[in-house]
Amino acid sequence: MSIKSQVEQTKTARGNVVESLLAVFRDRYRSTAAAVVMLAISGCGGPGIRAANLATTYPSIDQLITSCNASSGCAITLPPGTFVFTIPLAPRAMFSFRGAGASWDNPGIPPTAMYPTPERHCLTRLIWEGGSQTPFEVSSYHLQGSRLAGFCLDATTSPDTFIDIDNFASGVTLSDIVIDDPQVEARIAGIRYGATGPVANPMCSNVFVRAAAPIGFDVLFVRAHFVGDHCSAVWNGENEWVVGDVASPVESFHCVFCTAEARPGNVPIVVNNAIGFWWTQGYFECGGSSTAYCVDIPDTAVQARNVVISDSFVGGDSSLPGADAFVHSDLASAILTITGNQIDYVFANPAYILKNDAVTHANVTENTMTSAGSGIASSAANVCSFGNVTSLPLATAAC
């Protein structure tokens with residue numbers, strides 16, 4: 001056989017293999033050939049994609065989800081592209097649901113000359129068209145160890161939440177998920193934990209929720225540890241992070257390199273019911289009114305024990321009215337440690353690291369607050385302070 005004939009035969013064999021693989025893929029995903037074509041996605045809600053009926057433009061994954069929901073364990077892996085779905089993912093056994101990848105740029109709001117347009121980087125983009133149902137309902141102890149990863153999520157209809165982790169579904173991991181300015185916001189929260197029953201050891205890694213709901217992350221009934229790593233909530237309607245409620249305690253909350261950036265006048269983090277809360281090496285933006293603190297423990301809170309805010313940076317828009325404190329506590333049983341934070345945002349004058357309306361004990365140590373008229377605490381009662389850099393000293397220190 002000639003070399004030319006051998007080359008042609010090899011090409012034909014390779015072509016047959018590729019066609020066979022495509023045929024298998026189309027049969028498995030019950031979709032069109034568009035499902036295997038890499039689409040150039042500029043964002044989760046860019047021009048030209050807000051069609052009345054997106055199902056006529058993008059392939060549906062409803063049949064995949066139906067099969068997963070009925071199975072005794074499933075793994076869905078989606079290729080790059082945009083897909084619609086109207087059936088909630090609500091499996092009855094451990095599962096894995098993965099897209100090809102997602103990330104984001106967060107240059108701040110409003111955009112700047114250097115970053116005129118925030119970008120989303122969505123290899124896999126999902127569009128929810130299923131009405132008021134929750135698109136991802138992870139609820140049952142049978143779902144221990146399940147994972148959602150690697151996609152951007154948009155919506156044309158409004159659920160209560162986009163992702164619900166609930167009712168003993170423990171050890172569930174969310175990673176590399178972007179919910180960024182969806183066409184229609186959720187009514188309660190972008191992501192919610194423990195709405196009707198406790199969850200244990202939920203994990204969040206590189207998850208970004210911007211302008212998606214009244215609350216970015218609603219962390220309610222959590223046993224053991226909530227663990228967050230590079231999880232960011234930005235410019236949601238009311239709060240970025242809400243920890244616990246009247247009926248539901250969070251036993252242990254840990255977030256490292258996390259972000260809480262509030263719209264002007266809003267409070268990014270509200271602690272309502274926490275036995276342990278650790279926020280370290282994170283980033284805050286707050287302000288826009290005197291009561292728009294970065295962290296608030298209101299008088300309606302049930303408990304705030306061992307609340308630790310450490311080694312974090314506070315920025316913001318200095319043209320806006322400043323808050324009169326970085327952290328506010330109005331709960332007599334609260335126990336706080338505020339240490340090692342760099343508070344560079346221009347606060348009100350005067351302003352304090354801690355607005356102390358009520359605490360059992362607060363350690364305020366080694367923080368730097370650069371605003372003119374800055375002080376350590378509005379009241380020295382039950383406050384231990386040393387090593388802080390502020391304009392005004394603390395009159396006494398109960399160390």
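The numbers here are math on the coordinates, done by the rules we state, and not lab data. What you see is a predicted model, and the numbers here were worked out from it, not measured in a lab. Here the Cβ is made from the backbone with ideal geometry for all residues, glycine too, and neighbour counts use every protein chain on show.
Numbers at a glance
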quantity	calculated
Linear extension gain, Ser103 paired with Arg187, 0.36 nm per residue minus alpha-carbon span	27.8 nm
Per-residue HN-Hα couplings for segment 144-149 [Karplus 6.51, -1.76, 1.60; θ = phi - 60°; Hz; x = Gly/Pro]	3, x, 6, 9, 10, 7
5 angstrom amide H check on Gly145, placed H, neighbours 5+ away	Ser170, Gly171, Val172
Whole-Hz couplings from phi, Karplus 6.51/-1.76/1.60, listed for segment 204-215; x for Gly and Pro	10, 9, 6, 10, 10, 10, 10, 6, 10, 5, x, 10
Debye, to nearest 20: dipole size of segment 255-349, +1 on Lys, Arg Cβ, -1 on Asp, Glu Cβ	200 debye
Segment 178-223 versus segment 325-399: alpha-carbon centroid distance in Å	30 Å
Karplus (6.51, -1.76, 1.60) ³J(HN,Hα), θ = phi - 60°, over segment 69-86, in Hz, Gly and Pro reported as x	4, 8, 8, 9, x, 8, 9, 10, 10, 9, x, x, x, 10, 9, 10, 8, 10
Residue order, fewest to most surrounding Cβ atoms within 10 angstrom, among Tyr283, Tyr345	Tyr283, Tyr345
Loop sites in segment 145-248: trypsin sites (Lys or Arg not before Pro), DSSP, at most 14 other Cβ within 10 Å	Arg187
